[in-house]
Ligand SMILES: *Cc1c(COP(=O)(O)O)cnc(C)c1O
């Protein structure tokens, strides 16, 4: 599409947008009494107006039924983890038996690594991107320690080439081949939180498998943001959080995917709890853990219902909007943002966009590396009602989210940004 730098054009795109009504289903924060331009759905997604209803229904059922709510509430608490499966399966491209909402992201990452990082004398290395999110780095470091390795000897972190801001797929694949004999686990972000790069999941997975390694992904910034096909791509496992693009609220219940071929492998070592035990005899309190088939066999504890209710409110919206439609709009919305930014930066002196320009290699986020006055520009944005995100040393991340951001939002942001940088 040929974009134009005008409010009228932005509004014409909004008019044609078949998803435009979803914006009114969200509560958008105000700044100085005016609706903000909220571009931080990559950090905390906005609250759907239906969330309160879902949570209140559980509070009501708890009030009315007490413990009986486990079986007799409108969404019986005993089975709550099942209610989001179909929706999650569509969002990540898996089967319902391969996905489950549980715990928090970093907890799930550890649980998955317990089962899928199985170092041997010969194969003990983990290969990942450099500059992974801190929590992931801590998980890798301490999992290695747990098995008696240091990061120096066993963690391979791939850096972009000199002068480049993100990894080339060909370089990732080559590194996998070069380390093939020693790799136990290849693990990448789905979308890199800092650069916004969407890694090539099928290519990395195939290369990892050819090398004889297990391949997992942290989808924190990918889930609900980009098109995923975890089952078809043969990914071994994945984890994600639900407070970013999934809009399930601060500290929301997270999720995990385990490919069905592993879901039937009951020999896999795992850290277990009663919610992962065969549900037919869960309440017999017998000795001897018998995992349920599928990812459900990795659950530990009984389900957090209030968090789960907020999560279901979000799932309902994703079901209605459809992830394919959202991704299609997202490409246009972020493409428009990129176009407007490039208009401002014609002589390339203000900033550099770190995120790949190929829409196949990114989600909705663009990471703007400021070449001058980064902090000042960011403060000015904030004063003018833009809620964006600052990352040291000088990166402003902006993420127009197709569910609730409009083309007009993007246009107005660019206007304010232009005034701020000049
Ligand atoms: C947001 C994010 C986290 C946060 O971890 P929690 O366990 O949810 O606190 C971890 N890793 C990545 C890549 C993230 O983007």
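Read-outs throughout are calculated quantities, based only on the coordinates presented, and are distinct from any laboratory measurement. Since we're looking at a predicted model, the values are computed, not measured. Methodologically, a virtual Cβ is constructed for each residue, glycine included, from the backbone with ideal geometry; neighbour enumeration extends over all protein chains shown.
Some observations on this one:
- Computed from the C-beta positions of residue 278 and residue 159, the FRET efficiency with R₀ = 41 Å rounds to 0.35.
- Modelled spin-label separation between residue 79 and residue 260, with each label point placed 7 Å from Cα along the Cα-to-Cβ direction: 2.1 nm.
- Extension gain, residue 347 back to residue 360 (0.36 nm per residue minus Cα-Cα distance, nm): 2.1 nm
- Once both labels are positioned 7 Å from their Cα atoms along Cα-to-Cβ, the gap between residue 268 and residue 135 label points is 2.1 nm.
- Based on the convex hull around the alpha carbon atoms, region 241-302 presents an average projected area of 5.1 nm².
- Residue-span extension gain [residue 142 to residue 232] - 0.36 nm each, minus C-alpha spacing: 29.3 nm
- Per-residue [θ]222 nm for the chain (sum of -39500 (n - 2.57) over DSSP H runs n ≥ 4, rounded to 500): -11000 deg cm²/dmol
- Measuring between their Cα centroids, region 384-411 and region 280-311 lie 38 Å from each other.
- Average projected area [Cα convex hull, region 47-185], square nanometres: 12.6 nm²
- For region 56-319: span of alpha carbons on each principal axis (Å, largest first): 62, 41, 29
- The distance from the alpha carbon centre of region 54-83 to that of region 188-217 is 38 Å, rounded to a whole number.
- At q = 0.18, 0.29, 0.31 Å⁻¹, base-10 log of I(q)/I(0) for region 97-154 (Debye sum, equal scatterers on each alpha carbon): -0.66, -1.34, -1.44
- Antiparallel content of DSSP bridges confined to region 56-319, in %, to 5: 40 percent
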